[in-house]
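Below is one structure, written out as C-alpha cells; comments come after it.
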C-alpha cells in the first residue's frame with residue numbers, strides 16, 4: 001500500500017505546449033498493459049539529462065548520452081517497460097539503435113534526434129518484433145493531453161502512476177511544468193532516478209538548462225532511496241519546449257529563472273517522493289534530516305547510513321522505537337573522528353538522545369507514538385559544523401521481500 | 001532454519017588448559033536462560049583483541065581497549081547478553097567498570113585485568129542489580145569443560161550455539177584451539193565480529209599474538225556479512241594461555257607458527273561461517289569470490305556490493321536466477337573505470353555472463369538448478385588484475401523481516 005499517495009487526477013495534469021504523447025500495449029513482457037511510450041517534442045526544445053553512474057549501465061543509457069552529445073536536437077523520446085536492455089552487450093546496443101531508427105522513420109526526423117529508455121528485467125534481450133510493431137500504434141495516438149496514460153505506460157512494480165503538474169507565472173506570462181516518473185525498487189538514484197521526464201513550455205537556453213537539470217536532480221531524485229540499489233537504467237530528462245512563445249531565459253540574472261526553478265524543483269520533489277511513497281512494500285514515509293555536519297557530503301553519508309540500515313528500516317515497519325539502531329547507523333557512516341557524545345537525535349519533536357546516550361526526559365511511549373504514524377521525521381544533529389541535507393526513504397517490510405522474490409514469476 | 005549447521009557436540013569440544021568457564025541465568029532481559037558468562041585465564045596468557053569501528057561503540061568496548069592498553073595482563077572475561085550497553089553515555093561506562101571491579105573482587109585480581117563484553121538491545125541501561133547478583137553464581141561454576149554452555153550463554157537471536165574445536169601438533173606436542181562466537185543480525189564486522197572468543201594452550205609472545213589476531217580476523221570474521229549493519233559491540237578476542245608448557249613461539253621464523261596459524265584460521269573461519277549459516281532468516285549460504293581485481297580493496301568492494309544488495313539477496317531467497325541483479329551490483333561498487341565488457345560471472349560451475357552480457361551458451365535451467373541449492377558460489381572475474389577475495393553471506397527472507405520487526409517485543 002503506498003503511503004499517502006493517490007493516482008493523479010488526469011484532469012489536473014496540464015498539457016505542455018510542444019509535447020505530444022502516445023502509447024501502445026506492445027506485450028513486451030505481459031500482454032494487455034500499456035508498456036510503450038512515445039513523446040514527440042517541438043523543434044528547438046532544450047533537452048538535458050542526467051543518468052545512472054552504475055558501470056553496468058543499460059544500452060539505452062549509452063545511446064542517450066551519444067545522441068545528446070551529437071547535438072542535433074531532440075525530437076522524440078521512446079520508452080519501453082518490461083525489459084531493461086541492460087547487461088545485454090553489443091546486441092543490446094544494436095536493439096536500442098534500431099528502435100531509434102524506426103521512431104525517426106515514423107516521425108520524420110534523424111535517429112540521433114531520438115532518445116531511447118528501457119526499464120524492467122536485466123540481462124534479457126528486448127523482444128524487438130513486438131516493440132517495433134507497437135511503435136506505429138503509439139505514433140497514431142500522439143496528443144498533448146496524454147500525460148496520465150504516459151505515466152501508466154512506464155510503470156513496472158509501481159502500484160500507482162506518478163504525475164505532477166504546476167503552472168507558474170514568469171513576469172506576467174504563465175507557463176506549465178508537468179512531469180512523470182516511475183520506480184519502486186532498485187532505487188538509490190545517483191545522478192537521476194529510474195525514469196523521470198519533466199517538461200515545460202518555458203524557453204531556456206541549452207547551457208543554462210543543463211545546469212538547472214543537474215541542480216533539480218541533486219535536490220530531488222538524488223535524495224531518495226528505497227533499497228540502496230542503484231539501477232542500471234536511471235535517467236532523468238528535463239525538457240523546455242519554448243512553445244509558450246516567451247523570450248528565452250539565457251542568463252542567471254534573468255528574474256524569471258527563480259520562479260521557474262522553484263516550480264521545477266517542486267514538481268521533481270513531489271515525483272521523487274512519490275517513488276518513495278510507492279516504494280516496494282512501503283508502509284511508512286521517512287524523512288531523514290541531518291544537520292550540523294562538517295560538509296554536505298558528510299551529512300549525506302550519515303543520512304544514507306540511516307536510510308539503508310535494514311535494522312532501522314524493519315524497526316520502522318514494526319513501529320518499534322528501537323532507536324539505538326539509528327545511533328548504530330550514525331556510528332557506522334564512516335566518519336572517523338565523529339564524537340558520539342556530541343550527537344543529538346530527534347524523532348519528530350521528541351528529543352531521544354544526547355551526550356552519547358538516551359535523553360533523561362525521553363519516554364518510550366513518546367517514541368512509540370511517533371513510530372505509529374505513517375510519516376516520520378528523523379533529525380540528527382552531529383555537532384560538527386553548519387552543513388545539512390534531507391533524504392527521503394521508506395521502511396523494509398514483508399511485502400518488499402515478497403515482491404522481489406516473486407518479481408519474474 | 002540455519003543452513004547446514006547443527007549444534008556443536010559438547011563431547012567434541014576440547015578443553016583448553018588455562019581457561020575455565022562458568023555461567024549464570026541472571027535474568028538480564030528474560031528469565032530462565034543462560035545470559036552471563038565468566039572466563040578465568042591462567043596468569044601470563046597472551047590476549048589480543050580487535051573491535052568494532054562503529055563510532056557509537058559500546059561502553060564495554062571502550063573499557064576493553066583501556067584495559068588492554070594498561071598492559072597488566074588479562075585474568076578474566078565477563079560477557080552478558082540481552083543488553084548491549086551501547087548508546088548509554090557516561091552511566092554505561094560506569095556500569096562496565098563496576099562489573100569489572102566486582103569480577104576482580106570475586107576472582108582476586110585487579111579490575112584492569114578484566115575485559116567486559118555486552119550484546120543485545122542498544123540504548124537501554126544494564127540491569128546492574130541482576131547482573132551483579134549473577135556473577136558469584138557464574139564464578140562457582142568455573143571449570144575447563146564448560147565450552148558448550150559458554151556458547152549458549154552468549155546467544156541473542158542465534159538459533160544455535162556456535163563452537164569449534166581442533167587439536168594441532170606443533171613439533172611433536174599437541175595443543176588445542178577452541179572457540180565460540182555469537183551473532184546472527186547486525187553482522188558486517190569491521191575488524192571483528194559481534195562476539196568471538198578463541199583460546200589455545202599454545203604459548204605465543206604477545207606482540208606476535210596481536211599480529212596473528214589481526215590476520216585471523218581479516219580472513220574470517222572480517223569476511224562475512226548478513227545485513228551490512230556493523231554492530232556497536234563487535235569484539236574478537238584470541239587467547240594463548242601457554243598452559244601446555246611448550247616453549248613460547250616468539251619469532252615469525254618459528255616452524256610451529258604455520259600449523260598454529262592454520263588451526264586458528266580454520267576455527268575462526270568455521271565460527272564466522274556459522275554466524276552466516278545462522279544469519280537471521282537465512283535459507284542459503286552464499287560464497288562470493290571476486291578475482292582479477294586491481295587490488296584487494298577493490299575485490300572486497302565488489303564482493304560486498306553483491307553481498308549487500310537486497311535485490312540479489314531476495315533473488316537467492318526465491319531461488320530465482322535473476323542474475324542481471326548481480327551485474328547491476330558489480331556496476332554499483334564504485335569502481336569508476338570498470339569496463340563492463342571485461343566482466344565474467346559464474347554461478348557455481350555455470351558460466352553466466354561475459355562481454356558485458358549473457359553468455360551465448362547460458363541456459364536458464366542451468367542457473368535455476370544452481371539457485372535451488374542451499375550452498376551457492378558466485379564467482380566474478382573483473383579482468384583488471386591479480387587480486388582476489390572471498391566473502392560469505394546469506395539471503396534475505398521474510399523471516400529476516402519478521403525477526404527484526406519483532407526483536408524487542
Whether any residue in the range B:17-28 is out of contact with any strand residue (DSSP E or B) (no Cβ under 9 Å at 6 or more places or on another chain) and over 19 Å from residue B:181 (Cα atoms) is what I want to check.
no
Members of the range A:61-82 that are crowded, with 24+ Cβ neighbours inside 10 Å and within 14 Å of chain B (Cβ to nearest Cβ)
A:61
Would you say residue A:52 is over 23 Å from the mean Cα position of the chain (by Cα) and buried (at least 19 other Cβ atoms within 10 Å of the Cβ)?
no
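Restricting to the range B:8-20, what's the tally of residues that are under 29 Å from residue B:229 (Cβ atoms) and either in a strand (DSSP E or B) or at pLDDT 90 or above (or both)? Give the derivation first.
Here is the first cut: in the range B:8-20, the residues under 29 Å from residue B:229 (Cβ atoms) are B:8.
Then drop every residue that is not either in a strand (DSSP E or B) or at pLDDT 90 or above (or both), which leaves none.
Residues meeting the conditions: 0.
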Given (1) more than 11 Å from every other protein chain (Cβ to nearest Cβ); (2) in contact with a helix residue (DSSP H, G or I) (Cβ under 8 Å, 6 or more places away or on another chain); (3) surrounded by 20 or more Cβ atoms within 10 Å (Cβ to Cβ), number of the condition residue A:370 does not satisfy
(2)
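Filter the range B:373-409 down to the residues that are surrounded by 22 or more Cβ atoms within 10 Å (Cβ to Cβ), facing chain A (nearest Cβ under 8 Å) and either part of a helix (DSSP H, G or I) or in contact with a strand residue (DSSP E or B) (Cβ under 9 Å, 6 or more places away or on another chain) (or both) and list them by number.
Kept after step one, since they are surrounded by 22 or more Cβ atoms within 10 Å (Cβ to Cβ), are these residues of the range B:373-409: B:378, B:380, B:382, B:391-397, B:400-401, B:404-405.
If we keep only those that are facing chain A (nearest Cβ under 8 Å) as well, we get B:396-397, B:400-401, B:404-405.
Scanning the range B:373-409 gives B:400, B:401, B:404, B:405.
Just a yes or no: is a residue in the range A:218-226 within 14 Å of another protein chain (Cβ to nearest Cβ) and more than 21 Å from residue A:43 (Cα to Cα)? Quick ask: steps written out before the conclusion?
Taking the range A:218-226 as the starting set, the residues that turn out to be within 14 Å of another protein chain (Cβ to nearest Cβ) are A:225-226.
If we keep only those that are more than 21 Å from residue A:43 (Cα to Cα) as well, we get A:225-226.
The answer is yes, given that some residue of the range A:218-226 is within 14 Å of another protein chain (Cβ to nearest Cβ) and more than 21 Å from residue A:43 (Cα to Cα).
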So how many residues does the range B:122-137 have that are surrounded by 20 or more Cβ atoms within 10 Å (Cβ to Cβ) and within 14 Å of chain A (Cβ to nearest Cβ)?
4
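Quick one: how many residues across the range B:239-259 are part of a helix (DSSP H, G or I) and out of contact with any strand residue (DSSP E or B) (no Cβ under 6 Å at 6 or more places or on another chain)?
If we filter the range B:239-259 for residues that are part of a helix (DSSP H, G or I), which is where we start, we get B:257-259.
Pick out the ones that are also out of contact with any strand residue (DSSP E or B) (no Cβ under 6 Å at 6 or more places or on another chain) and you get B:258.
Residues in the range B:239-259 being part of a helix (DSSP H, G or I) and out of contact with any strand residue (DSSP E or B) (no Cβ under 6 Å at 6 or more places or on another chain): 1 in total.
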Taking residue B:90, is it within 14 Å of chain A (Cβ to nearest Cβ) and surrounded by 20 or more Cβ atoms within 10 Å (Cβ to Cβ)?
no
In the set B:214, B:255, which member is within 30 Å of residue B:2 (Cα to Cα) and at pLDDT 80 or above?
B:214
When only residues in the range B:145-166 that are over 16 Å from residue B:10 (Cβ atoms) and in contact with a strand residue (DSSP E or B) (Cβ under 6 Å, 6 or more places away or on another chain) count, which is surrounded by the fewest Cβ atoms within 10 Å (Cβ to Cβ)?
B:156
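Go over the candidates A:307, A:274 one by one and state the one that is more than 10 Å from chain B (Cβ to nearest Cβ), closer than 17 Å to residue A:346 by Cα and buried (at least 23 other Cβ atoms within 10 Å of the Cβ). Before the answer, list the steps.
On the way: A:274 fails: closer than 17 Å to residue A:346 by Cα.
Selected residue: A:307, the only one of A:307, A:274 that is more than 10 Å from chain B (Cβ to nearest Cβ), closer than 17 Å to residue A:346 by Cα and buried (at least 23 other Cβ atoms within 10 Å of the Cβ).
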Pull out all pairs, ordered by first then second residue, where Cβ-Cβ is under 6 Å, the residues are six or more apart or on different chains, the first lies in the range A:175-188 and is on the phi < 0 side of the Ramachandran plot and without any contact (Cβ under 8 Å) to a residue 12 or more places away in the chain, and the second is crowded, with 24+ Cβ neighbours inside 10 Å and not in a strand (DSSP E or B).
none
Against the definition (touching a helix residue (DSSP H, G or I) at 6+ places or on another chain (Cβ under 6 Å), over 22 Å from residue B:224 (Cα atoms), surrounded by 16 or more Cβ atoms within 10 Å (Cβ to Cβ) and at pLDDT below 90), how does residue B:324 come out, yes or no?
no
If residue B:271 passes every condition in (1) under 21 Å from residue B:77 (Cβ atoms); (2) free of Cβ contacts under 8 Å to residues at least 40 places away in the same chain but one, which one does it miss?
(2)
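The values are calculated or read from the model by the stated rules, or taken from the named source; none is laboratory data. Source: prediction; values computed, not measured. Please note: Cβ atoms are built from the backbone with ideal geometry, for glycine as well, and neighbour counts cover all protein chains shown.
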